[in-house]
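S.K.: First the structure, which I've put down as structure tokens, then a few questions once you've had a look.
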Amino acid sequence: MKINILSRSASLYSTKRLIEEARKAGHIVKAMNVLHCDIKLEKQKPTVYYHGERIVTPDAIIPRIGASITFYGTAIVRQFEMMNCLTTVSSTALVRSRDKLQSLQLLSRSGVDMPMTVFTNFGEHTDDICKQVGGPPVVIKVLEGTQGIGVNLAETIEAADAIIDANNELRTRVIIQEFIKEAGGADLRAFVVGDKVVGAMKRQAQKGEFRSNLHRGGTSKSITLSKQE
Ligand SMILES: Nc1ncnc2c1ncn2[C@@H]1O[C@H](COP(=O)(O)OP(=O)(O)OP(=O)(O)O)[C@@H](O)[C@H]1O
Ligand SMILES: [Mg+2]
């Protein structure tokens, strides 16, 4: 197969590893900086230009779109979809996963266990909301954060009020969530390809921190999930 990896740099560790494995599997692979891709639209002829040159349509793309370029990256992925390329992540999935509210709405419908969550247009009823999710303490998250940034633990109603006020001031939308204390700063991450779990890891937050993200100082190890997990 001819595969294009949409990344910002071919020297990123994750991109290098994907190139290595794709070559090992016998594919022709190249990395493209997604920010240097242009879209050209005309009737029934969707094309992508790279550094000003029209590209040969690959069989498949592997999008590696960072959170800071979601809009641009998604538009390019959608264009490759229009060109009938296979993609490991669809543009729709990309958009859904970048919005914590939208992804929880979808998980809720599909019957996945989740912390109780409230999204509101911010009345004067923080105490009510905290109660609804079994707190305080409660977790307050910005809708489009990643790497644990914008994920806060409010121990009291006053703290929750202050965090909500600050986000309101910045016109940033947040969700308010039940704090899962028994997690003890750990979480499990399952990698799913199609409908199969192909790998899993456990992340543990550093002491004094509830967020398990590696970017926040957490550690990780590879694990095997139980059937229920
Ligand atoms: N409701 C909660 N109760 C306890 N711990 C939580 C809760 N929500 C998040 N955490 C901890 O904080 C970490 C970061 O939260 P979350 O995964 O929601 O945000 P993110 O990692 O910034 O975004 P994303 O996973 O969408 O890239 C989680 O991995 C988990 O360890
Ligand atoms: Mg996370």
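The values are calculated or read from the model by the stated rules, or taken from the named source; none is laboratory data. Small disclaimer: the values here were computed from a predicted structure and weren't measured. As a convention, Cβ positions derive from the backbone with ideal geometry for all residues, glycine included, and neighbour counts pool all protein chains shown. Note: accessible area is taken over every heavy atom of the protein model, side chains too, but ligands, DNA and RNA are not part of it. Shrake-Rupley method; radii C 1.70, N 1.55, O 1.52, S 1.80 Å.
S.K.: Would you please put 141-150, 113-122, 74-83 in order of how densely packed they are, using the mean number of other Cβ atoms within 10 angstrom per residue and starting with the highest? Each step should come with its number before you reach the end.
M.R.: On the way: 141-150: 16.4, 113-122: 13.1, 74-83: 19.2.
For the peptides 141-150, 113-122, 74-83, the packing ranking is 74-83, 141-150, 113-122.
S.K.: Toward the positive end of the charge dipole of the stretch 24-161, about the Cα centre and with charges on Cβ (Lys, Arg +1; Asp, Glu -1), which of Phe80, Val95, Ile129 goes farthest?
M.R.: Checked the options; the winner is Phe80.
S.K.: Another one. Taking every DSSP beta bridge with both residues inside the stretch 2-97, roughly what % is antiparallel (nearest 5)?
M.R.: Taking every DSSP beta bridge within the stretch 2-97, about 35 percent pair in antiparallel fashion.
S.K.: Within the stretch 2-97, how many Lys pairs that are eight or more residues apart, or on different chains, come under 29 Å at the alpha-carbon?
M.R.: 12
S.K.: Multiplying the sequence separation of Lys16 and Gln206 by 0.36 nm and subtracting their Cα-Cα distance, what value in nm do you get? Don't jump to the answer; show the numbers that get you there.
M.R.: On the way: separation 190, 0.36 × 190 = 68.40 nm, distance 2.87 nm.
Separation in residues times 0.36 nm, less the Cα-Cα distance, equals 65.5 nm.
S.K.: Over the stretch 2-97, what relative contact order in percent results from Cα pairs under 8 Å that are six or more residues apart?
M.R.: Numbers: 149 pairs, mean separation 27.3, N = 96.
That works out to 28 percent.
S.K.: Can you tell me what share of the DSSP beta bridges in the chain is antiparallel? A percent to the nearest 5 is fine.
M.R.: Values: 29 of 41 bridges.
Beta bridges within the chain, antiparallel portion: roughly 70 percent.
S.K.: Only loop residues by DSSP count here, and only those with at most 16 other Cβ atoms within 10 Å; note down the GluC sites (Glu not before Pro) in the stretch 4-53 that meet that.
M.R.: On the way: sites: Glu20, Glu21, Glu42, Glu53; in loops: Glu42.
Hits after loop and neighbour filter: Glu42.
S.K.: Once you list every other residue whose beta carbon is under 11 Å from the beta carbon of Leu104, what net charge do they have if Lys and Arg are +1 and Asp and Glu are -1?
M.R.: On the way: positive: Arg96, Lys100, Arg109, Lys141; negative: Asp99.
My count for the surroundings of Leu104 gives +3.
S.K.: How about Lys131: which lysines have a C-alpha closer than 26 Å to its C-alpha, ignoring those fewer than 8 places off in the same chain?
M.R.: The qualifying lysines are Lys100, Lys141, Lys181.
S.K.: Figure the gain on full extension for Met83 and Lys2 (residue separation times 0.36 nm, minus the Cα-Cα span) and round it to one decimal in nm.
M.R.: Numbers: separation 81, 0.36 × 81 = 29.16 nm, distance 1.39 nm.
Length gained, Met83 through Lys2: 27.8 nm.
S.K.: Compute, for the chain, the length of the dipole vector about the Cα centre, with Cβ point charges of +1 (Lys, Arg) and -1 (Asp, Glu) only. Units Debye, rounded to 20. Don't jump to the answer; show the numbers that get you there.
M.R.: On the way: 31 positive and 24 negative charges, 274 e Å.
So the dipole magnitude of the chain works out to roughly 1320 debye.
S.K.: Below 8 Å between Cα atoms, with a sequence gap of 6+, how large is the relative contact order for the chain in percent?
M.R.: Answer for the chain is 12 percent.
S.K.: Hey, can you find the accessible area per residue of the stretch 66-171 for me, probe 1.4 Å, expressed in square angstrom?
M.R.: Values: 6200 Å² over 106 residues.
Ligands and nucleic acids excluded, the figure is 58 Å² per residue.
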